[in-house]
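Heads up, the thing below is written out as structure tokens.
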Amino acid sequence: MENLFTYSTELSKVIPEEEITRYLDRGKDFINEQEIWDKLRKNASPSSSRIREILKKSLSIQTLEPDETACLLNVENEDLWEEIFETAGKVKKIVYDNRIVTFAPLYCSSYCINNCLYCAFRRENNLVKRRKLSLEEIREEVEVLAGEIGHKRLIVVYGEHPTTDVDYIRETIRTIYEVKVKTKNGYGSIRRVNVNAPPMSREDLRKLKDVGIGTFQVFQETYHHETYKRVHPEGTIKSDYHWRLYCMHRALEAGIDDVGIGVLFGLYDWRFEVMGLLYHTRELEKSFGVGPHTISFPRLEPAFNTPFVQETEYRVSDKDFKKLIAVIRLSVPYTGMIITAREPKEIRQEMIKIGCTQTDASTKIGIGAYSDRYNEQEAERQQFILGDTRSLDEVVREFAQEGYLTSFCTAGYRCGRTGKCIMELLKSGKEAKFCKLNAILTFREWLDDFASDRTKEIGEKLITQEMEEVRRQIPTAYPKLLAYYQRI
Ligand code: SAM
Ligand code: SF4
């Protein structure tokens, strides 16, 4: 921590100007606040027929225009909201069917030179217990995650600090992919490592691509310039709005196929932020022909020694949270949507019905918490407090009870179904059918290796229904599916 000061005075070295200015349009970014507010005002009282037209467009899996999203955000009639929720559920079914993807976060380090007012890891928080995992400790964490719990996907998370630079991030990812643990019927290993790390230069992003990362995620936190400035104090790297805003441009240029964007809801007006996500999506589509692979919408959670969280005037209620999730699903119909264990069980279940496609389980966010095996949350070791700490087994069982098939398939990025290619498959609804087959097979494998008896029993019932559906709907694929299934 001693070199914090020298590091922060060399911001120009960390942020090469050219990696920002090349994207600006006559010095301006693509978040035109006046335009966003104008659109929200102009579409203040949309008629029911206008809303129904927009819903129809979403059902044809097209990204909405800002005016259209503004209309949805302005609906007041509760019955019309019910139609919106229902349509959001239908859109999700077209694109993803009943599949759901699970993952676990792996926090590698809590050292951070930034000072984000809302985060327990901010540098001025002297009371938080900090730790950085060694490669051996990473290995131990992965042995639990992949060998005992049965995860196949991780999101690795880092603070921003010279001791956890891109080289450390690369080494941790390499280590994670190397771990193979003997299980009942084969080997447990992590097959896809998604990354949530600070923004980087194209050169560093190319280094990340080389180690085979999945999605690269950076949340803008807030698209509102002034709020951004207020919550990310001057002089810190994170205070540079544009460095963060254009991170996904750099990632796509560096050859990373899948990028994830997000907002930390509770910092500013939620309607404005949803418009920000849409503008970001449309900008990526315009510049690269591909939008975000995932969108995340964490809500501010209490964090150790972090009074800001209690003081914010923009907290999002459960009711508004549901609305914003439905509007994101309808505005960017093809995108993956991530709801995390920040949220309590009931909220997660409800949001999965109307649009979310990915969620974490058996979640621990204390550094080293999986292999330390402590079960209580320890606020002073965590970035924030979790709302749901159920095990993967419990979560998978509940999904199966409700008819959701947990997919442990990670074949997509191995056989080139990433970036533009996967977007086309998602938009045409082919991904929903195609992935069903792999989802069934990987679910079966997971049940055999990791499930409790009760989960296995419920999971097997679901598999029987799913196999029957494939037999009826894609009869040509059924014999092969059956042959593979019997081999397992
Ligand atoms: N340090 C990197 C960064 O800020 O980009 C990596 C990500 S940070 C560890 C992960 C995300 O957690 C942040 O982008 C932010 O949206 C979210 N976060 C921070 N404080 C939070 C809080 N109190 N409640 C909920 N989410 C929070
Ligand atoms: Fe550091 Fe990220 Fe927390 Fe900000 S949100 S203090 S950058 S870990």
Inset, instruction - Enumerate the calculated ³J(HN,Hα) couplings along the stretch 437-448 in order (Karplus 6.51 cos²θ - 1.76 cosθ + 1.60, θ = phi - 60°), each rounded to whole Hz, writing x wherever the residue is Gly or Pro. - result: 4, 5, 4, 4, 5, 6, 5, 4, 4, 5, 4, 5
Legend entry - Cα pair distances of the stretch 187-341 binned at 10 Å [whole percent]: 10, 38, 36, 14, 1
Legend entry - Nearest-0.05 FRET efficiency for Tyr23 and Leu59, computed from C-beta distance (R0 30 Å): 0.35
Legend entry - Residue-wise HN-Hα coupling along the stretch 138-153, computed from phi with Karplus coefficients 6.51, -1.76, 1.60 (Hz; x: Gly, Pro): 4, 4, 5, 4, 5, 4, 6, 5, 8, x, 10, 7, x, 6, 10, 10
Legend entry - Computed [θ] at 222 nm, deg cm²/dmol, the chain (DSSP H ≥ 4; -39,500 (n - 2.57); rounded to nearest 500): -14500 deg cm²/dmol
Legend entry - Point-to-point label distance, Arg50-Lys182, nm (Cα→Cβ direction, 7 Å offset): 6.7 nm
Inset, instruction - Calculate, for the stretch 281-384, the solvent-accessible area per residue in square angstrom, rolling a 1.4 angstrom probe over the heavy atoms of the protein chains. - result: 34 Å²
Inset, instruction - With 10 Å bins from zero, work out the P(r) of the stretch 33-88 over every alpha carbon pair and list the percent per bin. - result: 24, 56, 20, 0
Legend entry - Two-site FRET efficiency, Glu457 against Phe308, from Cβ-Cβ distance with R₀ of 45 Å, rounded to 0.05: 0.45
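Would you mind giving the average projected area, over all directions, of the Cα convex hull of the chain in nm² with one decimal? Walk me through the numbers on the way to the answer.
Working: hull surface 87.5 nm².
If you wrap the Cα atoms of the chain in a convex hull and average its projections, you get 21.9 nm².
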Inset, instruction - Evaluate the relative contact order of the chain (contact order divided by residue number), counting alpha-carbon pairs under 8 angstrom at least 6 apart; express in whole percent. - result: 20 percent
Inset, instruction - Tell me which residues come under 5 Å, amide H to amide H, from Val156 once H is placed; ignore anything under 5 positions away on its chain. - result: Leu106, Asn194, Val195, Asn196
Legend entry - Whole-Å semi-axes of the ellipsoid equivalent to the stretch 437-487 (Cα gyration tensor, √5λ, descending): 21, 12, 7
Inset, instruction - In whole Hz, with x marking every Gly and Pro, tabulate ³J(HN,Hα) for the stretch 265-279 from phi via Karplus 6.51 cos²θ - 1.76 cosθ + 1.60, θ = phi - 60°. - result: 6, x, 8, 8, 3, 5, 5, 4, 5, 5, 4, x, 4, 5, 4
Inset, instruction - Distance between Cα centroids, the stretch 164-200 to the stretch 326-400: provide it in whole Å. - result: 20 Å
Legend entry - 5 angstrom amide H check on Gly336, placed H, neighbours 5+ away: Thr294, Ile295
Inset, instruction - Taking H placed 1.01 Å from N in the peptide plane, check which residues at least 5 places from Ile100 or on another chain put their amide H under 5 Å from its amide H. - result: Leu405, Thr406, Ser407
Legend entry - Scattering curve values for the stretch 304-414, log₁₀ I(q)/I(0), Debye with Cα scatterers, q = 0.17, 0.21 Å⁻¹: -1.02, -1.28
Inset, instruction - Give me the percent of the accessible area of the chain that comes from carbon and sulfur atoms, probe 1.4 Å, all protein chains in place. - result: 48 percent
Inset, instruction - For the stretch 13-147, state the average projected area of the convex hull of the C-alpha atoms over all orientations, rounded to one decimal in nm². - result: 14.7 nm²
Inset, instruction - Please state the charge dipole magnitude for the stretch 15-71, taken about the Cα centre, from unit charges on C-beta atoms (+1 on K and R, -1 on D and E), reported in debye and rounded to the nearest 20. - result: 500 debye
Inset, instruction - Report the calculated FRET efficiency for Arg230 and Gln486 (r = Cβ-Cβ distance, R0 = 51 Å), to the nearest 0.05. - result: 0.25
Inset, instruction - Report the label-to-label distance for Glu86 and Glu203 in nanometres (one decimal), using points 7 Å from each Cα along the Cα→Cβ vector. - result: 5.7 nm
Inset, instruction - For the stretch 94-253, just say rounded, prolate or oblate: build the C-alpha gyration tensor, square-root its eigenvalues into a ≥ b ≥ c, call rounded for a/c under 1.5, and beyond that prolate if a/b exceeds b/c, oblate if not. - result: prolate
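The values are calculated or read from the model by the stated rules, or taken from the named source; none is laboratory data. On a predicted model such as this, the values are computed, not experimentally measured, just so you know. Note that each Cβ is placed from the backbone with ideal geometry, even for glycine, and that neighbours are counted across all protein chains shown. Surface areas here come from the heavy atoms of the whole protein model, side chains and all, with no ligands, DNA or RNA. Shrake-Rupley method; radii C 1.70, N 1.55, O 1.52, S 1.80 Å.
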